[in-house]
Amino acid sequence: MRAVEITSFGGPEVLKLGERPVPQPGAGEVLIRVRASGINRPDVLQRLGHYAPPPGTSDLPGLEVAGVVESGDAAAMAAAGVRIGDRVCALVAGGGYAEWCVAPVVQCLPVPEGFSDVEAASLPETFFTVWSNVFDRGRLQAGETLLVQGGTSGIGVTAIQLARAFGAVVIATAGSDDKCAACLALGAHHAINYKSQDFVAEVKSVTQGRGVDVVLDMVGGDYVAREVECLAEDGRIVIIAVQGGVKSGFNAGLVLRRRLTITGSTLRPRPVAFKGAIALALRAQVWPLLAAGKVRPVIHSTFAAADACQAHALMESNQHIGKIVLTW
């Protein structure tokens, strides 16, 4: 099969189309004939040598795919209601940049009615991540306020739409006026240009000094201290990436007095059973919203798999709004 390989650690140019054996599904797994592969920030980190795949996982990048089930563990498929020939999208721990990919059957979800393979491939990584961190770990409730840092990223466009759909007030940050406009169009109630505005002051202004209940943070570093200033009593910060650095200093007195929570998680190394539980929640609570058009995929660009290097260059430029997807 054709696959996009990381030939050495470095810039986008190290991604090359190569040949690999077709993987074989094991217990609890299915083999998917991949039609489209989503691109995510962890793929870039892996290419740079900063994010190794979990032990036992394919060294090929790629955390989400969409395609057709070709074979698999019959008993596991029957238990999950998955059949050969079904169109599915799946979250995987690696190996997604290939014409064939193995996935745990419990991490597969049906392609929503009317969705293309490209649209379906854009769903798993961001929807699993947002559900796990905003709703499970962050405990966002209807009527609360969510601050999304980086509202036009793949994670951001998903978080804005899901939080709005479940009755939260959404504030998003973005790096340009055009991107702020895109956040508002997706359903954010307020958008802050972090390059020209102080997001702490703006958050306090739009919340009349109360602050937000949950912050979804993809920056880390010195942002954490500023986010502590943004939180309402009993507020929660959920860190899912550290693009701004791993070291943070913050006012611990505010944490004590306001009973704040600072937490975080990474999804890739979590057990299959944990991810399978998220898949069940998504199928029950989010997939109907996708089918009804109340939440939609946001696709910025598609690239042929042979042009994966160009797709990575676009992601690193931060000029995109929404998802970037490879096609096979």
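The values are calculated or read from the model by the stated rules, or taken from the named source; none is laboratory data. Since the structure is predicted, the reported quantities are computational estimates derived from the model, not experimental observations. With ideal geometry, Cβ positions are generated from the backbone for all residues, glycine too; neighbour counts draw on all protein chains shown. When the accessible area is computed, the model is the full protein with side chains, heavy atoms only, and any ligands, DNA or RNA have been set aside. Shrake-Rupley method; radii C 1.70, N 1.55, O 1.52, S 1.80 Å.
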Report summary line: Taking Lys and Arg as +1 and Asp and Glu as -1, residues besides ARG296 with C-beta under 14 Å from its C-beta add up to +1
Query raised in the report: What residue among GLN310, GLN46, GLN197 has the largest mean-square fluctuation in a Gaussian network model of the chain, using Cα springs under 10 Å?
Result: GLN197
Query raised in the report: For LYS179, which lysines qualify as cross-link partners when the Cα separation must be under 17 Å and same-chain residues fewer than eight apart are set aside?
Result: LYS195, LYS323
Query raised in the report: Could you give me the ³J(HN,Hα) list for segment 91-96, computed from phi with Karplus coefficients 6.51, -1.76, 1.60 and θ = phi - 60°, whole Hz, x at Gly and Pro?
Result: 8, 10, 8, x, x, x
Requested in this report: Over the chain, average the accessible area per residue using a 1.4 Å probe and give it in Å², no decimals.
Outcome: 40 Å²
Report summary line: The size of the Cβ-based charge dipole (Lys, Arg +1; Asp, Glu -1) of the chain about the Cα centre, to the nearest 20 debye, is 580 debye
Report task. Using amide H atoms built 1.01 Å from N in the peptide plane, name the residues 5+ places from VAL215, or on other chains, whose amide H lies under 5 Å from its own. Result -> LEU147, ARG236, ILE237, VAL238
Report summary line: Given Cβ charges of +1 for Lys and Arg and -1 for Asp and Glu, the option among LEU254, ILE240, THR266 whose Cα lies farthest towards the positive end of the dipole of segment 207-279 is THR266
Query raised in the report: About its Cα centre, how strong a charge dipole does segment 1-134 have in debye, to the nearest 20, once Lys and Arg get +1 and Asp and Glu get -1 at the Cβ?
Result: 80 debye
Query raised in the report: Running Debye on the chain with equal point scatterers at the Cα sites and no solvent, what base-10 log of I(q)/I(0) appears at q = 0.08, 0.15 Å⁻¹?
Result: -0.36, -1.21
Query raised in the report: Pick from GLY18, GLY293, GLY175: which residue has the top mean-square fluctuation in a GNM of the chain where Cα pairs under 10 Å get a spring?
Result: GLY293
Query raised in the report: For the pair SER71 and ARG2, what calculated FRET efficiency results from E = 1/(1 + (r/R0)^6), where r is the Cβ-Cβ distance and R0 = 22 Å, to the nearest 0.05?
Result: 0.70
Query - Among 147-157, 234-244, 48-58, the order from most to least packed when residues are scored by Cβ within 10 Å on average - result: 147-157, 234-244, 48-58
**Report entry** Accessible area of segment 1-123 belonging to carbon and sulfur atoms, whole % at 1.4 Å probe
**Finding:** 55 percent
Query - Selected from ALA191, ALA182, ALA80 as most flexible by GNM, with the chain as the system and alpha-carbon contacts under 10 Å - result: ALA80
Query raised in the report: Taking the convex hull of the alpha carbon atoms in segment 138-254, what volume per residue do you get, in Å³?
Result: 91 Å³
Report summary line: Among CYS230, THR129, VAL148, the residue whose Cα sits farthest towards the positive end of the charge dipole of segment 114-265, when +1 is placed on the Cβ of each Lys and Arg and -1 on the Cβ of each Asp and Glu, is CYS230
Report summary line: For segment 224-239, Karplus-derived ³J(HN,Hα) couplings (6.51, -1.76, 1.60; θ = phi - 60°; whole Hz; x for glycine and proline) come out as 4, 4, 6, 5, 4, 5, 8, 7, 7, 4, 6, x, 10, 9, 10, 9
Report task. Average the reciprocal distances over every distinct pair of alpha-carbons in segment 183-328, invert the result, and give the Kirkwood radius in Å. Result -> 18.2 Å
Query - Charge dipole (the chain, unit charges on Cβ, about Cα centre) - positive-most of LEU326, ALA279, TRP100 - result: ALA279
Requested in this report: Considering only DSSP beta bridges where both residues belong to the chain, give the percentage that are antiparallel (nearest 5).
Outcome: 55 percent
